[in-house]
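Only one structure is covered here, and it is reproduced in the block below.
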Amino acid sequence: MTRFLFLTVALVCAIAGSGCAIFARPSVPITVTPPRREMPESAKRPCRLPVLPDELTVDTVEQTLVHAGVALVKCDIARQTAVDVHDGEHADEDDWLRELGVEP
């Protein structure tokens, strides 16, 4: 009996909640699209780090470490670019919402 009562109450709440959602007015017009920013290709590409060769010499280790350092700097620049684009897009969306009169 308790299970039947629980299911009945859950069904009534679900029906009531969905009915309100159907008639609720959206806070932002649906026909308007938010501003977008394009992610640069350099930020989309995966980072490639050099690996140590099979035959190790002092020169190859030094060269590999130098190349790895350069690759890490390039990867960090690409990561920071992606973060800046993402943050900028969210700032643009917040400004856009404020122009529409909606607080983000």
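The values are calculated or read from the model by the stated rules, or taken from the named source; none is laboratory data. Everything numeric in this text was worked out from a predicted model, so none of it was measured. We place every Cβ from the backbone using ideal geometry, glycine too, and count neighbours over all the protein chains shown. Ligands, DNA and RNA are excluded from the accessible area calculation, which covers all protein heavy atoms including side chains. Shrake-Rupley method; radii C 1.70, N 1.55, O 1.52, S 1.80 Å.
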| field | Matching option when the condition is within 14 Å of M39 (Cβ to Cβ) and either of a type in the set (D, E) or modelled with pLDDT of 95 or more (or both), among D87, D95 | value | D87
| query | Between residues in the range 32-60 that are without any contact (Cβ under 8 Å) to a residue 12 or more places away in the chain and residues that are open to solvent by 60 Å² or more (accessible area, probe 1.4 Å), which pairs lie under 8 Å by C-beta distance while being six or more apart or on different chains? | reply | T60/L52
| field | Residues that are of a type outside the set (D, E), without any contact (Cβ under 8 Å) to a residue 40 or more places away in the chain and over 26 Å from K44 (Cα atoms), drawn from the range 61-104 | value | V61, Q63, R98, G101, P104
